[in-house]
Each structure stands twice: as structure tokens, then as C-alpha cells.
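Read through the structure below, which is laid out as C-alpha cells, and then see the notes.
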Amino acid sequence: MGWAAGRRRVVAAVAAVGVAAAAGVIAYRVLAPAEVSTPARDDYPARSLPDPGVTGRLPVAPLIVDGRLRVYAAPRQVYADQPVDSRSRRTPYWSFRRWPASLDAVVASGTTVVSRWSDGQLVAIDARTGRVAWRAEGPEPAAERVARRTGTAVVWQPSGLAVSRTTDGRHVVVSSGDGAVQAVDLADGGPLWRAAVRAGCREPVGVGSGGRLLTVDDCDGPAVVEFRDTATGVVTARWRPPDAGDELTTTLLGCRPDGDGCAGLRTARPGDGPAQGWLLGPEHPVQVPALDGAGTELVDGTAVRLVDGVVIGETVPGGAERWRVEMGPGRVIAVQPGRVHLLTEANELVTLDPVTGTRLSGFVLDIGSDGTGWAPGDAYAADGFVVVERLRRPVDPDADDQRYYLTAESLIVAAT
């Protein structure tokens, strides 16, 4: 009896050790850092060239890459589908997932998609194949990204991550984070430079023409705009608008869809103070009154604004009127090379040629039974397409996502 009881205790102990070991293996597999890369299995698709009109609706915001793919951001994943004019989101063409890091920002240039993660790591993916092209270490984001369900803050306003074309024609990826700014080569991720900066008092704005990173710096006294050469990391200028207050808000204008080469800047004091428009040149910004208006956009050397139902295009920097078009109440929602997009009160999307004012297309943004009783939120334009967030009226910015957005598929996509 004693031997049998002892044997049972030994067997029980061995079983317990086995269970604990198995649980440890499972826990490691679940909790250990991991990556899952699923490359494309199909051929790279052709460009989508649909007729003007609404093409679909989506639950999350896309980046349109090379006119062929839609790239999306999830909390721990970046993925793509195709074609661009598909009526709804489709099975991923490729996907890349990391854990436990979270996705902070995504930018695209040509056929390269660059993602930045909460641990600062940069991962570049070849959009044609979905395979990882390179990796690079970078500064961790200065703060946790706050993004609503559609993810527009990650893909359409990726502060702290940008692609810049230097004066010698090279493309570099610049990441700004907690205590550092860094640049790597877009082609292979090779390190170019890294600069230590004070944390907590610097706000990256984006990249301007001439290969310069713009940052609002209020570390020592009143806020100034700092210009840093993205090829070398050297600060080339520090500038404040005349009569600027201690605080400063800035908005880049005339940017390409990939965020590179923004041609203008608008500055304002916080609150209801008047805004001032500036053209970014090789030296200090040059004031351009045609860019002052809060709703004015810059595209193809033309300042476009809507005043009392009339769309006006003026040359930049001269300010001479190029054209005017009667349209009625509405607003400019997005621009891209060769197109300026306006939305009327009835949610009709009107697209004009920014140089001549010629009407290129016009149609109501409606699909299925959704109707037009919605308010526009964020908007994005690239490769001839426009994507607009649709919000419930009246808009409550403090509401949860279910109340804030019109439907589960709250983004409407149109070809122009």
C-alpha cells in the first residue's frame, strides 16, 4: 500500500510538471514577441481607371498606393487589398502583423510602404509583393497615438513619420520621436543621420519643399519653426512670423499625396487670431496673402478658395486671379496634382482643374441606401480618387464611434 501510494504521488507530480511545462510553452507562444508576414500570392494588379463616380465604401481609411492597392492600418497590423475601385474591403492582398508592438504611423512613396511601431522600429514593405524590404531602429513615438475606428490619424496624418526628397533627388524616411530625430534611406533603410533633441516641447509638422523637416519648437521661450535639412540633419534656419505670440499653430499646404514636398505653410495664434499664408522657399518663408484664408488650399501653383458660393483660383505667389466658378455653398475638402475637390451642402463632389477652373466631374456622394444626410469629416485624395469620412449630424466630437460615424462603413470612395 505504501509503495502504491508513493507511486501515485510520483505520477501526479510528473503530470503536474508536464502540465506546467505545457502551459509555459503555450504562454510563451501567446506572449512572446512575434511577427506574421503574409506576402502576396497573386500578380501585382493593373492600375484602376474607373469612370468618375462613387466606387465603394470602407470601414477604415486607406492609403492609395501606386494607383493599384489600398493600404490600411489596424492596431497591430498593416495590410493591403485590391483593386482600388472595389466596392468594399476585400481579402488582404498582403499583410504584416507585429505583437506586442502597436502600429503608430504609415506612409507610402512609390511602391514602398513604411510603417512605424510603438517601439520605434521602422518596417518597409514592397507593395508589389508584400515582402519586408528592410527594417531600421528609430526613436520611439513621443506619445501614444490616439486614433478613432477609421484610423485616419495613422495613415492620413502620420505625425512623426514622413518621406522627404532631398535636394540631390534621394528619398529619405524621417522619424521624430522621444528625444531624437532620425533619417534612413528609403531604398534600403540604411542610416543617414540621427540628432538628439529635447523631448516634450517639439511638435513635428512635416516636410517642405527643398528637403526640409519643419518642427514647432517651444522649448526655450516663444514658439519658433525650425527647418532641418533632411539630407544631413543640420538645422538650417529658425523662424517666427512677425507679431507671433508665444504659441503657434501651423498647417502645411500644397503637399503631395505621399506628404512630400509641401509648398506652403499657414500660421496662426491659438484661438480666433487671423491666419497668415506663406510660400516655402530655399530661405525663410515668403508671405502670400492669397493663402491666408483658413479654407484655402494650394495646388499646382494656384491658391483655391470658396467665398460666398464662388470658387476663386489665384496665382501663387503673385495673387492674380486665374479663374472663378459659381458653385454655391460648400467647401474645399482635398487637392491632388491636377485636381481640386469641393463638396457642396448637398454633398455633391465637384472636381475642378486648378490651373483653368474647368469642371472635370461632378456627382452626389451617395451609395446604397445611405443617403446624403451626413457631415464630412477627414478627407484624402490620391491617384484620381477621393475618400471622405461621413459623420452623423449633428456632429459630436466627444461621442463614441458608433454615434460619431454615419455607418459601420463610414468612408465613401469616389473616382474623379
Self-check item: Candidates Gly169, Gly368, Gly206, ranked by Gaussian network fluctuation over the chain, Cα under 10 Å, top entry
Solution: Gly368
Quiz item: Sorting Ser88, Ser48 by accessible area (1.4 Å probe), largest first, what list results?
Solution: Ser88, Ser48
Quiz item: Hey, if you drop one equal point scatterer on each alpha-carbon of the range 262-304 and run the Debye formula without solvent, what base-10 log of I(q)/I(0) do you get at q = 0.25 Å⁻¹?
Solution: -0.85
Quiz item: Taking a probe of 1.4 Å, how large is the accessible area per residue of the chain, in Å²?
Solution: 46 Å²
Quiz item: Counting alpha carbon pairs within less than 8 Å and at least 6 residues apart, what relative contact order, in whole percent, applies to the range 251-379?
Solution: 14 percent
Quiz prompt | Choice from Asp51, Asp220, Asp126 with maximal GNM fluctuation in the chain (Cα, 10 Å cutoff) | solution = Asp220
Quiz prompt | Accessible carbon and sulfur surface of the chain relative to its total accessible area, %, 1.4 Å | solution = 51 percent
Self-check item: Residue-span extension gain [His284 to Thr249] - 0.36 nm each, minus C-alpha spacing
Solution: 10.9 nm
Practice problem: May I ask you to derive the relative contact order of the chain, considering only C-alpha pairs under 8 Å and at least 6 residues apart, and to give it as an integer percent? | Solution: 11 percent
Quiz item: Say the dipole of the chain comes from +1 at the beta carbon of Lys and Arg and -1 at that of Asp and Glu; which of Gly233, Ala294, Ile125 then lies farthest toward its positive end?
Solution: Ile125
Quiz prompt | Share of pairwise Cα separations in the chain, more than 27 Å, in percent | solution = 56 percent
Quiz item: When the dipole is taken about the Cα centre of the chain, and only Lys, Arg (+1) and Asp, Glu (-1) are charged at their Cβ, what size is it in debye, to the nearest 20?
Solution: 1920 debye
Practice problem: Taking the Cα atoms of the range 216-373, report the difference between the largest and smallest coordinate on each principal axis, in whole Å and largest first. | Solution: 53, 30, 29
Quiz item: With the radius of gyration and the Kirkwood radius both derived from the Cα set of the range 206-278, what is their ratio Rg to Rh?
Solution: 0.97
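The values are calculated or read from the model by the stated rules, or taken from the named source; none is laboratory data. Keep in mind that this is a model prediction, so the values were computed, not measured. Positions of Cβ are generated from backbone atoms using ideal geometry, with glycine treated the same way; all protein chains shown enter the neighbour counts. Surface accessibility is based on the protein's heavy atoms, side chains included, excluding ligands, DNA and RNA. Shrake-Rupley method; radii C 1.70, N 1.55, O 1.52, S 1.80 Å.
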